[in-house]
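Working notes for the structure below.
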Amino acid sequence: MANIIQIIQDKVSEAVQTLYQTDFPAAQVPISTTRKEFAGDYTVVVFPFTKAARKGPEAIAQELGEYLSEEVAEVAEFNVVKGFLNLVVKDDYWKGFLLDIAEQADYGKQAPNGQKVLVEFSSPNTNKPLHLGHIRNILLGWSTAQILEAVGYDVKKIQIINDRGIAICKSMLAWQKYGKETTPISTTTKPDHFVGKFYVLFEQHFKEEYKDWQATQEGEQVFADKAKPEEETTAFYKRYKNTYFNEYSQLGKEARELLLAWEAGDEFAVSLWKKMNSWVYAGFDITYEKLGVTFDKLYYESNTYLLGKDMVEKGLENKVFYTCEDGSVEADLSDAKLDKKKILRSDGTSLYVTQDLGTAHQRYVDFEADKMVYVVADEQNYHFQVLFELLKRLEEPYADGLYHLSYGMVDLPSGKMKSREGTVVDADDLIAEVVDEVRQNSQERDTLSDLTPEEQELVMHQVGLAALKYFITKVHPKKRMIFDPKESVDLQGTTGPYIQNAFVRIKSVLRKWEGAAASKANSYQQLEAEEKNLILQLFTFPEVLLQAAKEYDPSTIAQYAYNLAKSYHKFYHDHSILKAESDEARDFRLALSEAVANSLEFSMKLLGIEMPIRM
């Protein structure tokens with residue numbers, strides 16, 4: 001059926017032409033939801049018409065209200081408040097809309113728009129398991145991909161795996177020195193956790209080495225020569241740690257030698273690198289499966305780190321880049337308030353931005369995408385400003401379709417995470433903890449005892465993952481957040497389980513109804529306030545979905561789902577369904593319940609959340 005907002009806009013445009021002999025595009029007619037303190041469903045702002053009408057807003061609103069009452073069958077009545085025209089839409093329209101969508105599983109989904117978008121997310125290092133920070137990245141990337149797909153884009157989910165560099169060599173060296181030929185199988189350890197333990201072990205041994213060096217004559221002399229005036233020893237050595245690693249550390253020297261050997265194609269170094277990375281990939285796959293996440297294509301830094309040299313040549317030819325006296329290559333982005341940016345070192349080796357230039361171009365070659373979305377923490381804001389500016393100046397065909405979905409870091413109630421010190425919260429451990437919280441709550445409530453053990457585990461996994469995913473996606477990406485496992489499973493809070501509970505409640509009602517197939521919902525007369533509120537919320541979903549896609553913000557969908565669930569819980573509390581006052585009311589409320597269940601399930605699916613049939 002026709003959209004009531006478009007109907008009103010079309011008729012207001014027609015009225016302005018008829019009454020004031022002025023053309024005003026229907027799409028530009030300002031209309032919004034009426035504020036709760038006033039009577040009405042929609043409010044038309046009439047101030048843009050004052051010049052044409054040569055009248056005050058009050059008079060214009062009155063005339064337009066009278067015109068719409070005559071010409072628009074769906075308008076029941078109107079009122080004017082301080083020049084704003086408030087319109088009440090007839091219940092018949094809302095009932096017709098509800099019955100139209102009641103059985104649509106994906107109401108709000110848009111037709112394909114012919115455009116392709118790449119969403120890059122996760123992109124972990126291979127020296128440690130996925131952790132809480134990765135979970136936020138993964139959930140934002142996955143839900144953004146689902147939302148973009150729902151509004152019509154052809155979406156490809158990709159990641160670049162950072163499988164080379166000094167950090168990986170630290171894990172490799174530690175396994176060589178301290179691993180004693182153990183493997184994930186021999187130690188019955190999840191493979192990525194196994195490799196991560198050696199990264200932590202390297203840092204522990206390096207810390208001891210550095211501490212011992214500080215007490216040597218050489219270490220004391222370095223402090224005497226290079227400390228700032230009145231600088232404490234603790235502050236100096238904290239500041240000097242990276243320099244020590246690169247210039248004095250034996251472990252640092254051995255790790256760098258391993259990296260150079262890998263870069264030179266040394267058979268042993270490459271073999272060890274492949275072995276340890278294969279362990280990590282096997283572990284990653286297990287975690288991705290738990291989270292219900294898949295990718296369409298994987299890029300590996302070991303294959304892409306030499307890309308970008310051709311882009312540098314193009315930039316030099318087009319005078320976007322220039323060669324410095326030392327042979328390095330730079331771009332002057334001062335006019336974009338981004339300073340000068342080194343693109344290539346004097347020895348001809350690439351920097352991260354060089355690699356990213358080449359990788360972006362390669363992805364366009366691979367997919368010919370119209371847009372590329374990079375889900376990366378806000379620590380890299382400057383990097384992506386530079387990258388996008390460079391690609392625009394290089395006149396890459398996709399340069400205007402680039403977006404950095406920047407997000408804040410995740411902390412725990414106990415504070416920040418530090419992976420080098422082994423205090424990071426692994427994704428697997430966090431998933432297990434949240435599911436365990438659900439298990440304890442379920443045992444206390446004893447609501448699943450009639451299910452088989454396998455069915456109980458499935459429900460607890462679905463509820464636990466909903467708790468985790470919703471708690472993270474409900475926060476606007478740019479906000480830093482604290483993840484609290486206990487709070488995330490609260491059945492009364494702004495949580496995934498709270499929304500799932502509304503869905504489960506509806507499914508229970510629908511299962512209990514065994515009435516005749518012929519519904520009398522069409523004959524239902526006057527809507528109750530809570531019923532109309534639910535219908536109005538359902539009506540807004542297509543716009544909510546489009547807004548979430550436009551702003552790359554899954555929290556918009558999360559808030560919609562919570563508000564809908566909250567409204568349904570109130571409706572359920574205040575009104576009988578199966579024992580309603582009439583057959584017509586019963587059947588209408590069953591249809592309404594089904595529509596709400598469908599919308600909850602679809603919106604939560606966009607966040608990567610499954611709905612259980614029991615809780």
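Per-residue answers, yes or no, for (1) more than 30 Å from MET611 (Cβ to Cβ); (2) exposed (fewer than 14 other Cβ atoms within 10 Å of the Cβ):
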site: PHE236; (1), (2): yes, no
site: LEU251; (1), (2): yes, no
site: VAL270; (1), (2): yes, no
site: TRP279; (1), (2): yes, no
site: PHE284; (1), (2): no, no
site: GLU317; (1), (2): yes, yes
site: PHE321; (1), (2): yes, no
site: ASP326; (1), (2): yes, yes
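Just name the residue that is most open to solvent (accessible area, probe 1.4 Å) out of those in the stretch 158-195 that are basic (Lys, Arg) and part of a helix (DSSP H, G or I).
So, considering only residues that are basic (Lys, Arg) and part of a helix (DSSP H, G or I), the one most open to solvent (accessible area, probe 1.4 Å) is LYS177.
Quick one: in the stretch 12-24, of everything that is surrounded by fewer than 20 Cβ atoms within 10 Å (Cβ to Cβ) and touching a residue at least 40 places away in the same chain (Cβ under 8 Å), which residue is farthest from ALA59 (Cα to Cα)?
Result: GLU14.
Could you tell me whether the stretch 414-424 includes any residue that is on the phi < 0 side of the Ramachandran plot and either in a strand (DSSP E or B) or modelled with pLDDT of 95 or more (or both)?
No.
Just the residues that are open to solvent by less than 50 Å² (accessible area, probe 1.4 Å) and in a loop (DSSP other than H, G, I, E, B), please, taken from the stretch 441-493.
Answer for the stretch 441-493, where residues must be open to solvent by less than 50 Å² (accessible area, probe 1.4 Å) and in a loop (DSSP other than H, G, I, E, B): THR447, LEU448, LEU451, VAL475, PRO477, PHE483, ASP484, VAL489, LEU491, GLY493.
Among strands (runs of 3 or more DSSP E) lying entirely in the stretch 282-383, which contain 1 or more residues that are closer than 30 Å to GLN462 by Cβ?
It comes to 297-300, 371-377.
Starting from the stretch 470-485, take each residue that is at pLDDT 95 or above and list its partners that are among the aromatic types (Phe, Trp, Tyr) and buried (at least 23 other Cβ atoms within 10 Å of the Cβ), counting only C-beta distances under 8 angstrom and pairs at least six apart or across chains.
Once the first residue is at pLDDT 95 or above and sits in the stretch 470-485, its partners that are among the aromatic types (Phe, Trp, Tyr) and buried (at least 23 other Cβ atoms within 10 Å of the Cβ) give PRO477/TYR407; LYS478/TYR407.
Is it the case that PHE49 is farther than 17 Å from SER69 by Cβ and part of a loop (DSSP other than H, G, I, E, B)?
no
Of all residues being over 21 Å from the mean Cα position of the chain (by Cα) and open to solvent by 60 Å² or more (accessible area, probe 1.4 Å) in the stretch 287-314, which is modelled with the lowest pLDDT? Just the residue, please.
Ranking the candidates gives LEU306 first.
Taking ILE506, is it assigned to a helix (DSSP H, G or I), in contact (Cβ under 8 Å) with a residue 60 or more places away in the chain and buried (at least 20 other Cβ atoms within 10 Å of the Cβ)?
Against the criterion (assigned to a helix (DSSP H, G or I), in contact (Cβ under 8 Å) with a residue 60 or more places away in the chain and buried (at least 20 other Cβ atoms within 10 Å of the Cβ)), ILE506 qualifies.
Table: residues versus (1) assigned to a loop (DSSP other than H, G, I, E, B); (2) within 30 Å of ALA591 (Cβ to Cβ); (3) without any contact (Cβ under 8 Å) to a residue 60 or more places away in the chain; (4) of a type outside the set (Phe, Trp, Tyr).
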position	(1), (2), (3), (4)
GLY65	no, no, yes, yes
ASN79	no, no, yes, yes
ASN86	no, yes, yes, yes
ASP92	no, yes, yes, yes
GLU103	yes, yes, no, yes
LYS109	yes, yes, no, yes
LEU118	no, no, no, yes
ILE138	no, no, no, yes
SER143	no, yes, no, yes
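Within the stretch 532-544, can one find any residue that is under 20 Å from LYS478 (Cα atoms), among the aromatic types (Phe, Trp, Tyr) and within 27 Å of the chain's Cα centre (by Cα)?
The answer is no; no qualifying residue exists.
The values are calculated or read from the model by the stated rules, or taken from the named source; none is laboratory data. No experiment lies behind these values; they were computed from the predicted model shown. So basically every Cβ, Gly included, is an ideal-geometry build from the backbone, and we count neighbours across all protein chains shown. Heavy atoms of the whole protein, side chains included, go into the accessibility calculation; ligands, DNA and RNA do not. Shrake-Rupley method; radii C 1.70, N 1.55, O 1.52, S 1.80 Å.
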